[in-house]
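Accompanying notes for the structure given below.
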Amino acid sequence: MLKLIIISLLLSFVSANSYAYLGPGFGGGAIAATLGIIIAICAGLFGLIWFPIKRALKKNKEKKKRVD
């Protein structure tokens with residue numbers, strides 16, 4: 001397994017000429033897609049953390065109202 005990882009890493013540094021044209025819009029699209037993925041992951045993690053905390057705070061607030 002370790003040999004496979006090492007070989008994969010070494011082969012990832014080998015490049016070949018492609019002689020292809022990538023227009024100026026490709027860079028902007030790549031940046032937008034990358035940012036979109038990062039923002040989606042952060043929003044998902046935020047939702048997983050925030051909503052249980054929000055529910056616990058709401059229960060705590062309701063419990064205090066019943067006591068008063």
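The values are calculated or read from the model by the stated rules, or taken from the named source; none is laboratory data. Source: prediction; values computed, not measured. Cβ atoms come from the backbone with ideal geometry, glycine included; neighbour counts cover every protein chain shown. In case anyone asks, the SASA skips ligands and DNA or RNA and just uses the protein heavy atoms, side chains included. Shrake-Rupley method; radii C 1.70, N 1.55, O 1.52, S 1.80 Å.
Summary table below
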{"item": "Surface accessible to a 1.4 Å probe, per residue, for the residues of the chain, Å²", "result": "99"}
{"item": "Choice from ALA40, ALA32, ALA20 with maximal GNM fluctuation in the chain (Cα, 10 Å cutoff)", "result": "ALA20"}
{"item": "For q = 0.26 Å⁻¹, Debye-computed log10 I/I(0) when each Cα of the chain counts as one equal scatterer", "result": "-1.02"}
{"item": "Fraction of accessible area attributable to carbon and sulfur, the chain (%, probe 1.4 Å)", "result": "73"}
{"item": "Theoretical FRET efficiency, 1/(1+(r/R0)^6), r = Cβ-Cβ of LYS54 and ILE6, R0 35 Å, to 0.05", "result": "0.15"}
